[in-house]
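Heads up: the structure comes next, in structure tokens.
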Amino acid sequence: MAIREILTVPDPRLKLVSKPVDTVDDDLRALMDDMVETMYAADGIGLAAIQVGVDKRVIVMDLSDERNDPRFYVNPVITPLTEDLKPYQEGCLSVPDVFDSVERPKKVKLEYLDYDGEKREEIAEDLFAVCIQHEMDHLEGVVFIDYLSRLKRDRAVKKVQKLVKQRGAPTEAAE
Ligand code: NI
């Protein structure tokens with residue numbers, strides 16, 4: 001396993017629409033293992049593959065307090081089960097140190113392939129619903145600040161660029 005670099009806004013790769021996975025094989029599991037390690041190292045609760053530069057429809061998540069319950073979602077599909085929207089203060093590893101309120105349906109049905117490629121279905125509510133919808137957006141090239149006003153979005157991007165510069169700009173150095 002390895003910790004991968006997390007892309008931050010305004011990296012254009014974060015705008016890509018991720019591609020469906022054909023087969024859940026050992027290569028994909030190696031990617032998922034790296035994603036979990038990367039998510040834990042960054043103290044995040046969810047991560048989409050495109051955030052480490054891989055445009056595949058893969059999400060990892062861990063909502064447990066103990067950080068020992070990694071979940072894997074391959075080719076996930078969600079269907080809202082209610083029109084009730086709930087606001088939640090969201091953050092994102094690709095937009096470090098920025099938090100703002102986003103409204104999303106509070107209950108969704110989730111269908112996906114798991115770590116072993118088995119088909120699964122779950123109902124997601126509360127934080128799980130927020131997180132899976134936030135990560136699903138990444139697969140469509142959408143970041144949560146895209147829901148904010150232009151002013152707030154521009155401000156967020158500037159803040160992140162400044163922060164990345166202070167950290168030593170690993171993103172730019174790698175290109
Ligand atoms: Ni995110």
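The values are calculated or read from the model by the stated rules, or taken from the named source; none is laboratory data. Model, not experiment: these values are computed from the prediction. Positions of Cβ are generated from backbone atoms using ideal geometry, with glycine treated the same way; all protein chains shown enter the neighbour counts. For accessibility, only protein heavy atoms count, side chains too; no ligands or nucleic acids. Shrake-Rupley method; radii C 1.70, N 1.55, O 1.52, S 1.80 Å.
See the values below:
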| item | result |
| --- | --- |
| Extreme residue, positive dipole direction of the stretch 49-148, given options Asn75, Val98, His138 (C-beta unit charges) | Asn75 |
| Tensor-based shape of the stretch 93-175 (alpha-carbon gyration tensor, a/c under 1.5 rounded, otherwise prolate or oblate) | oblate |
| Counted charge near Leu139, where neighbours are those whose Cβ lies closer than 12 Å (Asp, Glu -1; Lys, Arg +1) | 0 |
| Full-stretch length increase - Lys162, Glu121 - with 0.36 nm per residue and alpha-carbon distance subtracted | 10.7 nm |
| Cβ charges +1 (Lys, Arg) and -1 (Asp, Glu), total dipole of the stretch 12-167, debye | 1180 debye |
| Net charge, Gln51 excluded, C-beta distance under 10 Å - Lys, Arg +1, Asp, Glu -1 | -1 |
| For the stretch 137-167 versus the stretch 1-40, the gap between their alpha-carbon centres in whole angstrom | 19 Å |
| At R0 = 35 Å, FRET efficiency that the Cβ-Cβ distance of Ala30 and Val142 yields, to 0.05 | 0.85 |
| Shape metrics for the stretch 58-129, restricted to C-alpha atoms - Rg then Dmax, Å | 13.4, 36 |
| For the chain, the Rg and Dmax computed from alpha carbons only, in angstrom | 15.6, 45 |
| Accessible area (Å², per residue) of the stretch 51-175, counting only protein heavy atoms and a probe of 1.4 Å | 57 Å² |
| Cleavage-rule hits, GluC sites (Glu not before Pro), the stretch 1-99, DSSP coil, Cβ neighbours within 10 Å at most 10 | Glu66, Glu83 |
| Kyte-Doolittle mean at least -0.5 and Cα axial length at least 15 Å: DSSP H helices in the chain | 26-41, 126-139 |
| Reachable aspartates and glutamates from Lys107, criterion Cα separation under 12 angstrom, eight or more residues apart if same chain | Glu83, Asp84, Glu122, Glu125, Asp126 |
| Computed lengthening from Arg67 to Asp43, 0.36 nm per intervening residue step minus Cα-Cα distance | 7.7 nm |
